[in-house]
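Accompanying notes for the structure given below.
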Amino acid sequence: MEKTVDELDPLIIAAETGRRILEAGGETYRAEDVIVRLCRVWGFTDAEAFATPTGLMASIVDHDNRSRAVVRRITRRVVDLHRISRLDTLVRTAEQQHISVQDVQKKLIEIDGEHPYSTAITIFAAALSSLFFTLLFQGSIRDAIGAFFVGLGIKTFAYILQGWHFPDFITTIIGGAIAALLSILTLQIGLTEHLDKTIIGSIMLLVPGLATVNAIRDTIAGDLVAGIARLTDAVITAAALAIGAGAVFSLLR
């Protein structure tokens, strides 16, 4: 018998929720758990999910004892803890109030349209983070002020490159180069005192800290494929930072 759209809705909506978790930088086991929990809310007790940082597979056995599966590819990944929190809340609400598939789909559309912080606020927060990171690494007040402006430049260029759909690897290389170049510039004009403190504080915006933590958590949870993939991504990102900053120092030496 041919499957109808309504028949596929529960599995598809559950998989789409898991996909959004991964796209927001969530752990693979969290995405798998979300899919299974939603399927059980809608009466599919025999549900399975397998996720990696670049894709996921989900399957259920329906009430007619037929097995169905869906595959979703993860093509973009960002760090969006607000979205992860909203999706987790949605799943918990669905469990407590037995929300229908259609209502969950509407909530997903609402979450997709949310923009909790404007671009200007995000850039300012990134610059402020650079300032405090510099102080954390024992930089002077002048170093911190210089790192503030370097952070503004890094985040602004990152937004521009993302708008042009540059690959993350290239964006990170350019970000590392901008961090080194602007830090050298602030030293040359006398704004900062220590070049190393300014670079370290500002480049922390690009360091893959969350990816490394998620790699460790996935590995501890037994998701070895996801853990190795995330750790490899973190190492490549760190290498891209080194390439970008190192290239600037080599050219200006």
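The values are calculated or read from the model by the stated rules, or taken from the named source; none is laboratory data. If you're wondering where the values come from, they're calculated on a predicted model, not measured in any experiment. Ideal geometry is used to build each Cβ from the backbone, glycine not excepted, and the neighbour counts take in all protein chains shown. In case anyone asks, the SASA skips ligands and DNA or RNA and just uses the protein heavy atoms, side chains included. Shrake-Rupley method; radii C 1.70, N 1.55, O 1.52, S 1.80 Å.
Report yes if Val91 is β-branched (Val, Ile, Thr), open to solvent by less than 60 Å² (accessible area, probe 1.4 Å) and at pLDDT 95 or above, otherwise no.
The answer is yes for Val91.
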**Q.** Among (1) in contact with a Phe, Trp or Tyr (Cβ under 8 Å, 6 or more places away or on another chain); (2) open to solvent by less than 50 Å² (accessible area, probe 1.4 Å); (3) touching a residue at least 24 places away in the same chain (Cβ under 8 Å), the one test that Thr119 misses
**A.** (2)
(Q) Suppose the filter is buried (at least 20 other Cβ atoms within 10 Å of the Cβ), over 21 Å from Pro208 (Cβ atoms), out of contact with any strand residue (DSSP E or B) (no Cβ under 7 Å at 6 or more places or on another chain) and in contact (Cβ under 8 Å) with a residue 24 or more places away in the chain; does Pro10 pass it? (A) yes
Q: Take the residues in region 18-61 that are closer than 17 Å to Val78 by Cα and of a type in the set (S, T, N, Q), then tell me which one is least open to solvent (accessible area, probe 1.4 Å).
A: Thr28
Q.
For a quick check of your reading of the model, give me the residue pairs whose first member lies in region 91-112 and is closer than 19 Å to Ile21 by Cα, whose second is open to solvent by 20 Å² or more (accessible area, probe 1.4 Å) and part of a helix (DSSP H, G or I), with beta-carbon atoms closer than 6 Å and at least 6 apart or on different chains.
A. Val91/Arg37; Ala94/Val41; Glu95/Val41; Val101/Asp9; Ile111/Arg86
Q) Would you pick out the residues in region 117-135 that are assigned to a helix (DSSP H, G or I) and either farther than 13 Å from Ile199 by Cα or among the small types (Gly, Ala, Ser) (or both)? A) Thr119, Ala120, Ile121, Thr122, Ile123, Phe124, Ala125, Ala126, Ala127, Leu128, Ser129, Ser130
Q. Mind checking which pairs have a first residue in region 233-251 that is of a type in the set (S, T, N, Q) and a second that is assigned to a helix (DSSP H, G or I), Cβ under 8 Å, 6 or more apart or different chains?
A. Thr237/Asp168; Thr237/Phe169; Thr237/Thr172; Thr237/Ala211
Q | Complete set of residues in region 43-69 that are out of contact with any strand residue (DSSP E or B) (no Cβ under 9 Å at 6 or more places or on another chain) and touching a residue at least 40 places away in the same chain (Cβ under 8 Å) | A | Thr52, Pro53
Q) Mind checking which residues of region 196-211 are of a type outside the set (Gly, Ala, Ser), open to solvent by less than 50 Å² (accessible area, probe 1.4 Å) and either touching a Pro at 6+ places or on another chain (Cβ under 7 Å) or under 22 Å from Asp80 (Cα atoms) (or both)? A) Ile203, Leu206, Pro208
Q: Quick one: in region 146-195, of everything that is part of a helix (DSSP H, G or I) and of a type in the set (S, T, N, Q), which residue is most open to solvent (accessible area, probe 1.4 Å)?
A: Gln188
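Quick grid of which residues meet (1) of a type outside the set (Asp, Glu); (2) on the phi > 0 side of the Ramachandran plot; (3) at pLDDT below 95:
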{"residue": "Glu114", "(1), (2), (3)": "no, no, yes"}
{"residue": "Ser118", "(1), (2), (3)": "yes, no, yes"}
{"residue": "Ile121", "(1), (2), (3)": "yes, no, yes"}
{"residue": "Arg142", "(1), (2), (3)": "yes, no, no"}
{"residue": "Phe148", "(1), (2), (3)": "yes, no, no"}
{"residue": "Leu152", "(1), (2), (3)": "yes, no, no"}
{"residue": "Ala158", "(1), (2), (3)": "yes, no, yes"}
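Quick grid of which residues meet (1) modelled with pLDDT of 90 or more; (2) part of a helix (DSSP H, G or I):
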| position | (1), (2) |
| --- | --- |
| Val207 | yes, no |
| Arg230 | no, yes |
| Ala234 | yes, yes |
| Thr237 | yes, yes |
